[in-house]
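Here's the structure, in structure tokens; my notes come after.
All of the numbers you see were taken from the coordinates with simple rules; none came from a lab. Quantities reported herein were computed from a predicted structural model and do not represent experimental measurements. Ideal geometry is used to build each Cβ from the backbone, glycine not excepted, and the neighbour counts take in all protein chains shown.
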Amino acid sequence: MKRWIVTCIVLFLSFVSLPVEAKGSEVYIAIGDSLAAGQTPYRQIDTGYTDLIAQELQRLGKLGFYSKALAFPGYTTGEVLHTVQTKEAQGLLKSATVVTISAGANDLLQLVQVNPANGSIAYQQIPTDLALNNVRKNITSIIQEVKLAAPKAKIYVMGYYFAYPHIQDTQKQGISKELTTLHTILKTEALANGAMYVSVEESFVENAKELIPNQADVHPTMEGYRLMANAFLKQYHSWVQVYPLELPAPNPLSFEEIIKRQSDNSTQPVSRIEGFDQYLSLTEFKAFI
């Protein structure tokens with residue numbers, strides 16, 4: 001596992017870790033799962049919340065460097081922890097001043113079976129309890145590893161939204177309770193370890209079905225990612241936000257298209273700040289966040 005992660009990071013850094021034109025002081029490194037990577041509701045990659053944060057920091061003249069090379073679709077907290085422990089990841093993190101962490105949902109969601117046809121959901125309590133306990137241990141270790149690797153960084157642990165707005169109302173109470181426990185764990189461990197917690201679930205309540213449109217998928221639209229970015233920005237600077245008109249035009253890439261672009265651009269790095277249309281991933285898509 002670690003060898004595979006190192007290979008991905010080494011290749012990934014060539015494509016998504018670049019200084020940008022703005023001469024700002026912030027070095028922003030995004031860590032985590034497919035929400036950090038910007039996965040769409042239809043198993044593609046496009047602009048995500050981390051890209052929008054970077055875009056806004058650049059607009060403010062604060063951004064000097066941005067990378068999401070440590071964001072991988074489908075990663076659990078254990079896999080994120082392994083990632084940040086690699087020499088390559090620690091080299092990327094050493095100059096970071098802002099770090100966001102999205103990790104924890106996959107530990108839980110991989111245990112959940114959803115039937116989109118009838119709106120039902122099922123999971124077993126004991127494995128779920130064990131998974132949440134692993135999240136508690138791993139998120140603490142992730143934060144501590146990031147603090148060691150990035151001593152100058154402000155660390156933000158991102159919360160999640162309710163991922164199943166399309167299931168039957170009678171089915172929502174149980175899984176909602178588990179997601180609330182996940183949020184409590186992330187918040188408690190973040191604050192206990194000197195990080196900040198960014199809650200996003202409130203932003204999704206009013207239009208959840210529109211923000212998470214695919215009944216068979218848990219990923220949000222670009223508008224959902226905008227709300228996540230703004231939840232972060234509210235803590236970063238209370239008066240700063242990304243407005244709908246600032247969203248880039250959609251340009252989702254399938255896994256096959258990403259591999260082709262990776263080959264076509266093998267000698268030319270790509271910046272997510274300039275165009276937001278060439279995100280390159282070396283990982284397989286998984287069914288979770």
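Under 1.5 on a/c is rounded, so check that first for the range 64-130, then, if it is not, pick prolate when a/b is larger than b/c and oblate when it is not; a ≥ b ≥ c are the square roots of the alpha carbon gyration tensor eigenvalues.
Values: a/c = 3.78, a/b = 2.38, b/c = 1.59.
Prolate.
Using the Karplus relation 6.51 cos²θ - 1.76 cosθ + 1.60 with θ = phi - 60°, the per-residue 3J(HN,Hα) values for the range 201-216 come to 4, 4, 5, 9, 4, 5, 10, 4, 5, 6, 6, 10, x, 8, 4, 9 Hz, with x marking Gly and Pro. Sorted fewest first by neighbouring Cβ atoms within 10 angstrom, R261, R59 come out as R59, R261. Along the range 37-53 the Karplus relation, 6.51 cos²θ - 1.76 cosθ + 1.60 evaluated at θ = phi - 60°, assigns HN-Hα couplings of 7, x, 6, 8, x, 10, 6, 10, 10, 8, 5, x, 5, 5, 5, 5, 4 Hz to successive residues, with x for each Gly and Pro. By the rule of a C-alpha distance below 15 Å, with chain neighbours fewer than 8 residues away ignored, the aspartates and glutamates paired with K260 are D277, E284. Full extension of the chain between E246 and E210 yields a length gain of 11.0 nm, computed as 0.36 nm times the residue separation minus the alpha carbon distance.
Using the structure shown, select from K147/K187; K87/K187; K62/K94; K154/K177; K68/K154; K62/K87 the pairs with a Cα to Cα distance greater than 20 angstrom. K87/K187; K154/K177; K62/K87, as the Cα separations exceed 20 Å there. Does the range 2-264 classify as rounded, prolate or oblate by the C-alpha gyration tensor (a ≥ b ≥ c root eigenvalues; a/c under 1.5 gives rounded; else a/b over b/c gives prolate, otherwise oblate)? Rounded is the answer for the range 2-264, as its axis ratio a/c remains below 1.5.
In this simple spin-label approximation, S238 and Q85 carry label points 7 Å from Cα along the Cα→Cβ vector, and these lie 4.0 nm apart.
In terms of other Cβ atoms within 10 Å, D169, D33, D129 run from fewest to most in the order D169, D129, D33.
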